[in-house]
Amino acid sequence: MIRHLGTSVRVTAFSIVLLGLIYPLAMTGLAQALFPRQANGSLIAVDGKLVGSSIIGQLWTKPRYFHGRPSAAGKGYDPTATGGTNLGPTSKKLIDATRKTIAALRAENPDAMGPPPMDLVTSSGSGIDPDISPESAYWQAPRVAKARGSTVASVNALIAKQVRGRTFGFLGEPRVNVLEINLALDGVKPQ
Amino acid sequence: MTGFGWLQAVIFFAIVLAVTKPLGTYMARVFEGERTWLTPVLAPLEKVIYRLCGVRDAEEMSWYAYALSMLAFSLIGLAYLYVLLRTQKWLPFNPQHVDNMSPDLAWNTAVSFTTNTNWQFYSGETAMSYLSQMAGLAWHNFVSAAVGIAIAVAVVRGLVRTNVKTLGNFWVDLTRCSLYVLLPTSIVLGLFLVWQGVPQNLHAYQAVHSIEGFAQTITGGPMGSQEVIKELGTNGGGFVNANSASPNENPTPLTNFVEMLLIFSLGAGLTYMYGKMVKDTRQGWAIFSAMAILFVAGFAVAYWAEAAGNPIVHQIGAAGGNLEGKECRFGVAASAFFATVTTDTSCGAVNSMHDSFTALGGLVPLVNMQLGEIVFGGVGSGLYGMIVFVVLTVFIAGLMVGRTPEYLGKKVERREVQFAILAALVTPVLCLVPTAIAAVLPAGLATLGNNGPHGFSEILYGFTSTNANNGSAFAGLGPNLFYNLLTGVNMMFGRFAVAIPALALAGALAGKKAIPESSGTFTTHSAIFVALLIGVIVIVGALTFLPADSLGPIVEHLLMLRGKLF
């Protein structure tokens with residue numbers, strides 16, 4: 001047993017150096033050299049100021065912008081407190097909150113067609129989902145158009161341009177990145 | 001359900017099937033000490049490790065010495081991680097100035113990562129320094145996976161060898177697995193994940209101000225290097241709290257697909273390695289088939305339930321499948337699929353919150369774990385867990401026809417069956433007894449996130465997951481002293497109380513002589529055997545867990561249909 005323990009200590013120490021330090025640090029070096037934008041969080045700057053990350057969702061409240069999904073991350077879209085509601089299908093708390101969300105969405109979007117799509121009334125798993133479904137974007141289009149004094153048709157055309165389809169035609173779901181479409185609405189070119 | 005959802009599943013399975021043989025062949029070469037294409041690069045490093053660590057690589061070990069080495073190594077790793085978490089505040093690579101962890105939480109986390117469980121009662125983004133993530137958790141992700149595979153290889157050797165007492169050398173298996181299998185894959189696919197958007201940096205979190213003027217803190221860290229081994233080693237412990245639901249860990253549908261492949265590929269490859277090592281690949285494919293059938297059945301139910309959605313939400317005016325706790329880029333199909341994959345194996349990474357699944361959608365991950373994580377399973381632990389079931393099946397088949405049961409030319413006798421039963425009893429006992437205790441203690445009910453039957457499901461899921469070394473959660477269940485301590489003990493037994501009987505079983509089998517096949521020998525690579533094996537797994541699982549599952553997800557489903565809220 002003593003011998004096993006001695007070997008254990010040595011194997012532990014050696015493998016920590018190799019797998020716990022050299023490996024991740026070398027990977028960091030490689031990643032910074034090969035893919036610096038992604039490795040540093042896919043940050044987006046406008047006029048030299050950082051406004052967000054293209055992979056992290058944000059809170060949007062003004063009618064002239066597309067809104068994301070409800071978020072359970074901290075006070076909303078907090079990347080340091082990621083997570084979902086973790087409420088089950090028979091949770092009164094969940095159903096009450098969903099009912100409120102639906103009512104608020106209806107009030108903000110009086111001209112929207114049909115019931116709100118499911119992703120707009122449910123919290124994501126991460127609380128920082130950067131996307132909404134194309135249906136949710138089209139559903140909000142009348143409100144965005146009205147707030148901007150433009151036509152629904154022109155907003156719809158922008159959505160159509162921004163939709164990302166399934167990867168290779170079959171992976172995942174079609175989606176619209178909320179930050180990117182809002183920057184496009186403002187006509188801002190992100191750096 | 002959509003055609004795209006099923007297409008993803010079909011293509012995924014085709015790829016798993018395609019990599020099973022090459023991966024299995026490669027691993028068989030690695031563990032039989034033969035040359036591989038990486039030998040010229042890695043052999044010198046391997047030799048240095050043996051010399052520096054005092055490993056006598058030519059020395060063979062009995063099952064007992066093998067188990068002792070494995071226990072000693074795990075114990076040192078456990079103590080090391082505990083100390084690291086208790087002192088991380090004063091150590092380097094801590095740009096967020098993360099504080100030291102409390103003793104009970106550090107114990108829980110240290111056990112969790114040592115046992116390949118990766119149950120997480122903490123939030124990575126605020127509770128872990130980068131050093132703890134890299135040199136603590138990710139290091140454990142490598143070695144706990146390698147330990148699992150090493151045990152599986154030793155168990156297979158026990159089946160192959162005759163008239164000997166030894167099962168190989170633990171240190172050599174551990175080293176070769178880390179160097180030849182885990183490290184090269186992690187380097188290549190880790191960089192792939194970064195290319196797709198997973199951060200890999202060492203600086204502090206970045207403050208940004210949104211267009212509407214809200215402040216936001218963008219998290220970072222050495223995530224890519226950890227994400228890849230987290231999936232490959234079926235560990236599942238997220239860098240951040242939301243795990244693979246977070247766009248940091250899993251930014252695109254393609255990373256999602258690759259992460260699922262990483263979770264499944266070694267487990268699938270090990271079945272082929274098994275066939276290769278026992279010199280009859282049909283035996284490996286028989287096990288593969290049994291796993292595949294259970295896998296498809298689980299996905300079909302989960303996908304159907306999640307696509308159907310929550311009727312209560314439909315009544316209050318929203319349409320569609322259940323997206324609560326799911327990400328837009330994955331949708332219902334890829335989320336139900338990930339949930340099935342991660343619980344068939346002992347991975348436990350999640351790309352959606354299982355707690356918010358519909359009742360039957362949540363039942364699938366629960367049942368997958370209750371069956372003992374043998375559907376491809378944890379790397380290594382899935383194979384040796386399945387071999388335990390194979391021995392039981394052979395025994396039951398022998399009883400049915402009144403012959404002495406044999407497997408691979410070895411008589412299965414009293415001792416072997418005792419060890420197999422012991423290993424098979426661990427899951428039900430350690431899952432159900434603590435659940436019953438928690439359900440009647442105030443401390444067990446204090447941190448539930450949901451009321452009614454769903455609250456019970458949270459407890460049941462918690463103990464099932466920890467003892468199956470899965471680590472996924474109905475995450476509404478919060479930590480307290482009671483859960484930190486009890487789930488810690490549970491994870492420990494879940495790992496070692498299966499691994500040690502499995503090694504003992506292998507030791508007993510290695511000492512036996514081979515008997516020639518006769519006309520009365522029950523073939524263990526036929527469709528009949530696969531059906532019988534699935535039957536044994538399902539019946540043992542159902543008889544044990546149906547009563548408990550009825551009190552949780554099953555009754556909740558019936559109440560959900562009637563619109564009852566808690």
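Observations on the structure shown:
- None of B:Ile437, B:Ile421 is in a helix (DSSP H, G or I), hydrophobic (A, V, I, L, M, F, W, C), under 19 Å from B:Asp549 (Cα atoms) and open to solvent by less than 80 Å² (accessible area, probe 1.4 Å) except B:Ile437.
- Hey, A:Asp111 buried (at least 19 other Cβ atoms within 10 Å of the Cβ), assigned by TED's automatic domain parsing to the domain that holds A:Val152, touching a residue at least 24 places away in the same chain (Cβ under 8 Å) and among the acidic types (Asp, Glu) or not: no
Residues checked against (1) within 13 Å of chain A (Cβ to nearest Cβ); (2) in a loop (DSSP other than H, G, I, E, B); (3) modelled with pLDDT of 95 or more; (4) surrounded by fewer than 18 Cβ atoms within 10 Å (Cβ to Cβ):
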site	(1), (2), (3), (4)
B:Met1	no, yes, no, yes
B:Ala18	no, no, yes, yes
B:Met27	no, no, yes, no
B:Ile49	yes, no, yes, no
B:Ser112	no, no, yes, no
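- Of B:Gln196, B:Gln200, all but one fail to be open to solvent by 10 Å² or more (accessible area, probe 1.4 Å) and closer than 30 Å to A:Gly52 by Cα; the exception is B:Gln196.
- Only one entry in B:Gly317, B:Gly361 is closer than 24 Å to A:Arg99 by Cα, within 14 Å of chain A (Cβ to nearest Cβ) and surrounded by fewer than 24 Cβ atoms within 10 Å (Cβ to Cβ), namely B:Gly317.
- Filter result for A:Ala184 (surrounded by fewer than 24 Cβ atoms within 10 Å (Cβ to Cβ) and either farther than 21 Å from B:Gly361 by Cβ or free of Cβ contacts under 8 Å to residues at least 40 places away in the same chain (or both)): yes
- Test: A:Leu59 is open to solvent by 20 Å² or more (accessible area, probe 1.4 Å), facing chain B (nearest Cβ under 10 Å), in contact with a strand residue (DSSP E or B) (Cβ under 6 Å, 6 or more places away or on another chain) and closer than 29 Å to B:Glu125 by Cβ: no
- Looking across the range A:117-147, the residues that are surrounded by fewer than 24 Cβ atoms within 10 Å (Cβ to Cβ) and of a type in the set (D, E, K, R) come down to A:Glu135, A:Arg143, A:Lys146.
- The helices (runs of 4 or more DSSP H) found entirely in the range B:143-254 that carry 1 or more residues being farther than 27 Å from B:Val391 by Cβ and aliphatic (A, V, I, L, M) are B:183-196, B:223-232.
- Residue in the range A:13-30 that is in contact with a Phe, Trp or Tyr (Cβ under 9 Å, 6 or more places away or on another chain), within 7 Å of chain B (Cβ to nearest Cβ) and either in a strand (DSSP E or B) or surrounded by fewer than 22 Cβ atoms within 10 Å (Cβ to Cβ) (or both) present: yes
- In summary, helices (runs of 4 or more DSSP H) completely within the range B:457-566 and bearing 1 or more residues that are among the aromatic types (Phe, Trp, Tyr) occur at B:481-510, B:527-549.
- Residues satisfying the stated conditions in the range A:82-109, i.e. in a loop (DSSP other than H, G, I, E, B) and more than 7 Å from chain B (Cβ to nearest Cβ): A:Asn109
The values are calculated or read from the model by the stated rules, or taken from the named source; none is laboratory data. Note that the structure is predicted; figures quoted are calculated from it, not measured. Reconstructed Cβ throughout: ideal geometry from the backbone, glycine too, with neighbour counts over all protein chains shown. We work out accessible area using only protein heavy atoms, side chains counted, and drop any ligands, DNA or RNA first. Shrake-Rupley method; radii C 1.70, N 1.55, O 1.52, S 1.80 Å.
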